[in-house]
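S.K.: I have a structure I would like to understand better, so I am pasting it below and will then ask my questions one at a time.
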Amino acid sequence: MAGHLHRCQALVLRHIDYGEADRIVSLLTAEQGLQKAFARAARKSRKRFGAMLEPFSQIIVHYRSGRGSLWSLQETELLDSRTGLRQDLQRLGLASYGVELVELLLEEAQPQPQIFQLLCSYLDFLAQGGDGEVARLLYELRLVYLLGYIPHFLHCSLCLKIFSDEAIRFDAARGGSLCLDCAGGSGAQIGLGTIGSLARTLNISPSRFSGFRFGRQTLEEGRTILSQVLAQVLPRPPKSLRFLP
């Protein structure tokens with residue numbers, strides 16, 4: 001209700017300075033999805049906000065409903081600043097990429113508890129020094145799966161033939177994996193082992209990032225697959241990709 005004080009947990013995605021001292025903050029919450037909030041005098045008030053509105057911080061926000069859809073932040077409580085992300089440029093770039101994907105793919109003000117947990121777990125893993133290539137592959141795969149964009153993996157997307165021990169190709173524009181007869185020379189050549197590895201990870205909790213080991217072929221072919229899928233569903237290429245290898 002407008003004027004009433006509300007409270008929820010949120011992840012800070014980014015902020016922009018407004019006027020001489022204010023900030024507009026982009027947040028992701030489990031219950032209300034993407035939200036924007038106005039933090040009056042945020043750049044001056046160390047007690048109410050301090051550094052808690054920095055990107056990747058997990059916080060408790062106290063807010064009132066403002067004009068339109070913009071929340072009015074009253075104060076915040078810090079849960080985790082994830083300082084480890086700022087100690088390495090690659091980790092920082094991967095974290096920014098993960099945040100940007102969410103902003104590009106999610107609708108505002110829609111409950112996203114699974115995506116909220118996925119992004120928090122991804123950032124935690126990176127902040128703790130986890131393998132960046134593994135983190136990116138798992139995050140992209142799980143994100144498209146949870147949003148309903150996962151392609152066909154273990155059978156041909158056209159003739160529905162189940163793969164056993166054969167060469168296959170992958171073309172996201174044609175639904176995913178293809179047998180050679182249906183591919184007709186299109187798509188990227190992908191090993192059946194890669195497809196199997198990616199499919200198996202979807203049976204594991206999206207919040208788990210530790211304990212995975214992928215070979216070089218799986219990492220490279222997985223990157224090819226997810227790049228194709230994301231190109232089909234994103235409104236534009238993520239700007240943060242410029243800073244990633």
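Laboratory data are not the source of any read-out in this text; all were calculated from the coordinates shown. Since this is a predicted model, take the numbers as computed values, not measurements. All Cβ positions, even for glycine, are placed from backbone atoms using ideal geometry, and neighbour counts span all protein chains on display.
S.K.: Please list, by residue number, every one of the GluC sites (Glu not before Pro) in segment 115-188 that is coil in DSSP and has at most 11 other beta-carbon atoms within 10 Å.
M.R.: Within segment 115-188, the qualifying GluC sites (Glu not before Pro) (loop, at most 11 other Cβ atoms within 10 Å) are GLU166.
S.K.: Rounded to the nearest 20 Debye, what is the dipole magnitude of the chain about its Cα centre when Lys and Arg each give +1 and Asp and Glu each give -1 at the C-beta?
M.R.: 720 debye
S.K.: Let me ask another. About its Cα centre, how strong a charge dipole does segment 148-239 have in debye, to the nearest 20, once Lys and Arg get +1 and Asp and Glu get -1 at the Cβ?
M.R.: Here the size comes out at about 420 debye.
S.K.: Which net charge results for the neighbourhood of PRO55, defined as the other residues with beta-carbon distances under 11 angstrom from its beta-carbon, given Lys and Arg at +1 and Asp and Glu at -1?
M.R.: +1
S.K.: What's the extension gain from GLU166 to HIS4 if we count 0.36 nm per residue and subtract their Cα-Cα distance?
M.R.: Result for the pair: 52.2 nm of gain on full extension.
S.K.: Pick out which of GLY222, GLY19, GLY98 has the largest mean-square fluctuation in a Gaussian network model of the chain, springs linking Cα atoms closer than 10 Å.
M.R.: Ranking GLY222, GLY19, GLY98 by mean-square fluctuation puts GLY19 first.
S.K.: On to the next question. Over all directions, the average projected area of the alpha-carbon convex hull for the chain comes to how many nm²?
M.R.: 14.5 nm²
S.K.: Let me ask you something else. Could you give the alpha-carbon Rg of segment 5-81 over 2.2 N^0.38 Å, rounded to two decimals?
M.R.: Compactness ratio reported: 0.95.
S.K.: Longest exposed-loop-site-free stretch of the chain, with trypsin sites (Lys or Arg not before Pro), DSSP loop and at most 13 other Cβ within 10 Å?
M.R.: In short, 68-207.
S.K.: Ok, one more. Do the sum for the chain: with -39,500 (n - 2.57) for every DSSP H run of n ≥ 4, divided by all residues, what is the mean residue ellipticity at 222 nm, to the nearest 500 deg cm²/dmol?
M.R.: -10500 deg cm²/dmol
S.K.: Using DSSP to call loops (not H, G, I, E or B), can you name the GluC sites (Glu not before Pro) in segment 46-113 whose Cβ has at most 14 other Cβ atoms within 10 angstrom?
M.R.: Of the GluC sites (Glu not before Pro), the ones in loops of segment 46-113 whose Cβ has at most 14 other Cβ atoms within 10 Å are GLU107.
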